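Here is the structure we will look at, set down as structure tokens.
The values are calculated or read from the model by the stated rules, or taken from the named source; none is laboratory data. This is a predicted model, so every value here is computed, not measured. Methodologically, a virtual Cβ is constructed for each residue, glycine included, from the backbone with ideal geometry; neighbour enumeration extends over all protein chains shown.
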Amino acid sequence: MPQPQPPRTSHAAGSTEPVGPADGSPVRPRVLLLFGGRSGEHAVSCATAGGVLRAIDRAKYDVVAVGITPAGQWVLVEDDPDRWSIVDGRLPEVTDGPAHVLLPQSTAGRGLQVLAPDTVPVAIGDVDVVFPLLHGPFGEDGTVQGMLDLIDLRYVGAGVLASAVGMDKHFMKLVLAAQGIPIAPFMVLRPGDFARNPAGCTQTIEALGLPVFVKPARAGSSLGISKVSSLDDLPAAIAEAQRHDPKVIVEVGVVGREIECAVLGSVEGERPRVSQPGEIVVTNSEHGFYDFEAKYLDEASVELTCPADLPVEVIARVRDLALRTFEAIGCEGLARVDVFVTADQQVIVNEINTMPGFTPFSMYPRMWQESGLSYPDLIDELLQLALSRRLGLR
């Protein structure tokens, strides 16, 4: 079982830098890496944590690893990167343990506690910032962010509203369209819509034009996504998407190159930064599209070109749209924006991901690496941004 850390003091009043217990000397900020969770992306979150644990500067940051089990239990876990890596197709998972973690109970403190059966809570010291490496519902969607806001605990990444909008593809597209950002045509199937009126729903989907992509509205990592080229396959695709989310989104299958941009927040008053765009090419035709297996289990089948081989003017438009998308939903910290570039050089925004993957082969850190910012420096920037962020309403 991981050993509890010694207690520490809280922040000095009005300061973002913690102080030592007696002499006021600076100490390493303590980072709570939070991962796992209740969503279908539990294993991807664990793999993301493995990447961050390997890259974070231990001389600069004190790390506490906390995993959330699929049942929602918060447990103190080992901070060994190898424990949380995807190896030979094995997907890591947080399992329950004897050391359950309790967050601070108010804005008055920063102290973590662990609670074992038939014992009183034991203090394990203060935490300065949370890095919520959670993907999918119940973590990336504003739920955890709201909990941390309630106790004034700083964290990396988007706040409640941007997290919720970024997670729900339906409302994300509505917000982007309202800001004049180009998106592909789509329709939404709310719970029960297809069961009540399959003929009407099918007719509406047919009017979009085949092929279409059928997706859970609130999921990521390509879970539950199907490419539908025949209406006969539509019921099965909807059922597959609904295994992950009762609300389903159906999108026109845009024919174009898949381009991504990494966006990194800046200090208050400055505009975010945008990486060079990268292009994803799936070389193994068995995948059909950039699905879960291609992303996480078959790295050899995916090629990333960064910067993407595009005309200078198109690159400028891609980067501008990535920045506008980030700002349209009020994002903070980081995001990955995915677009399509069509044969006639139109740029269409597909989606924004407010907590992109951080596995060693994830596109977000790789694009920053190709743009001149190393993985460890990227982690450092994100943590420094979070530590300097204003508490309360922003």
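Quick look at the numbers
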| quantity | calculated |
| --- | --- |
| Subset of the stretch 105-127 [touching a Lys or Arg at 6+ places or on another chain (Cβ under 9 Å) and either on the phi > 0 side of the Ramachandran plot or surrounded by fewer than 19 Cβ atoms within 10 Å (Cβ to Cβ) (or both)] | 125 |
| Looking only at the stretch 128-178, and only at residues there that are out of contact with any strand residue (DSSP E or B) (no Cβ under 9 Å at 6 or more places or on another chain) and closer than 20 Å to residue 101 by Cβ, the one that is surrounded by the most Cβ atoms within 10 Å (Cβ to Cβ) | 143 |
| Filter pass, residue 341 being under 18 Å from the mean Cα position of the chain (by Cα) and farther than 27 Å from residue 30 by Cα | no |
| Tabulated pairs, the stretch 54-78, first more than 21 Å from residue 41 (Cα to Cα), second part of a loop (DSSP other than H, G, I, E, B) and small (Gly, Ala, Ser), C-beta under 9 angstrom, 6+ apart or interchain | 55/374 |
| Filtered residues of the stretch 39-73 (kept if touching a His at 6+ places or on another chain (Cβ under 6 Å) and either surrounded by fewer than 24 Cβ atoms within 10 Å (Cβ to Cβ) or outside any loop (DSSP other than H, G, I, E, B) (or both)) | 40, 44, 45, 70 |
| 3 or more residues modelled with pLDDT under 95: qualifying helices (runs of 4 or more DSSP H) within the stretch 186-249 | none |
| Inter-residue pairs, beta-carbon under 6 Å, first in the same structural domain as residue 336 (by TED's automatic domain parsing) and among the polar types (S, T, N, Q) and in the stretch 362-379, second outside any helix (DSSP H, G or I) and surrounded by fewer than 22 Cβ atoms within 10 Å (Cβ to Cβ), 6+ apart | 371/276 |
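Residue by residue, here is whether (1) among the polar types (S, T, N, Q); (2) under 12 Å from residue 65 (Cα atoms); (3) over 25 Å from the mean Cα position of the chain (by Cα); (4) modelled with pLDDT under 95 holds:
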{"residue": "89", "(1), (2), (3), (4)": "no, no, no, yes"}
{"residue": "94", "(1), (2), (3), (4)": "no, yes, no, no"}
{"residue": "103", "(1), (2), (3), (4)": "no, no, no, yes"}
{"residue": "108", "(1), (2), (3), (4)": "no, no, yes, yes"}
{"residue": "119", "(1), (2), (3), (4)": "yes, no, yes, yes"}
{"residue": "127", "(1), (2), (3), (4)": "no, yes, no, no"}
{"residue": "130", "(1), (2), (3), (4)": "no, yes, no, no"}
{"residue": "133", "(1), (2), (3), (4)": "no, yes, no, no"}
{"residue": "142", "(1), (2), (3), (4)": "no, no, no, no"}
